[in-house]
Amino acid sequence: MDNKTEEFYKRLTEELAGSADWPAEYLFKFIVPSEDSKIQTVENAFNGIGAIINTNKSKTGKYTSISVSATMQGPAEIVEKYKELSTVEGIISL
């Protein structure tokens, strides 16, 4: 991971630490190419934690937006999910 990415995750952790009492509900938003395997990878990352997942294909069908609402234990858990999913080719985390 490069320094810019590490700095981003550090800043995100600090911002989240001061923004809520943990555990708290957190909304993840991703955009991925509309390939079943990529959508499934994102959905699988949140299996077993009671997440509510909504998907919506773009008008052209080329991309799919994925919103995931889940109760997270703290900022470190959120950052770990982003890092885990950063390996999905073409994913954009919002």
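THR55 contributes about 70 Å² of solvent-accessible surface, heavy atoms of the protein only, 1.4 Å probe. Positive contributions from Lys and Arg (+1) and negative ones from Asp and Glu (-1), summed over other residues with Cβ under 10 Å from the Cβ of ILE49, come out at 0. Helix 3-17 and the long axis of the chain differ in direction by around 70°, with both axes built from C-alpha atoms.
Could you pull out the longest piece of the chain with no exposed loop GluC sites (Glu not before Pro) in it, calling a site exposed if DSSP puts it outside H, G, I, E, B and it has at most 15 other Cβ atoms within 10 Å? Kindly include the intermediate steps, with their values, before the conclusion.
Working: sites that count: GLU35, GLU89.
Answer from the scan: 36-88.
About its Cα centre, the dipole of the chain is roughly 420 debye, where the only charges are +1 on Lys and Arg Cβ and -1 on Asp and Glu Cβ. The fraction of accessible area contributed by carbon and sulfur in the chain is 48 percent, rounded to a whole number (1.4 Å probe; ligands and nucleic acids excluded).
Tell me the per residue accessible area of the chain using a 1.4 Å probe; a whole number in Å² is fine.
Working: 6030 Å² over 94 residues.
Spelled out: the 1.4 Å probe surface of the chain, per residue, equals 64 Å².
With θ taken as phi - 60° and the Karplus curve 6.51 cos²θ - 1.76 cosθ + 1.60 applied, the whole-hertz 3J(HN,Hα) list for segment 38-52 is 6, 5, 5, 4, 5, 4, 5, 5, 10, 5, x, 10, x, 6, 9 Hz, x standing for glycine and proline. Exposed loop trypsin sites (Lys or Arg not before Pro) only (DSSP loop, at most 10 other Cβ atoms within 10 Å): please give the longest stretch of the chain free of them, not including the sites. It runs 1-58.
The values are calculated or read from the model by the stated rules, or taken from the named source; none is laboratory data. Note that this is a predicted model, so its numbers are computed, not measured. Virtual Cβ from ideal backbone geometry, glycine too; neighbours counted across all protein chains shown. Note: accessible area is taken over every heavy atom of the protein model, side chains too, but ligands, DNA and RNA are not part of it. Shrake-Rupley method; radii C 1.70, N 1.55, O 1.52, S 1.80 Å.
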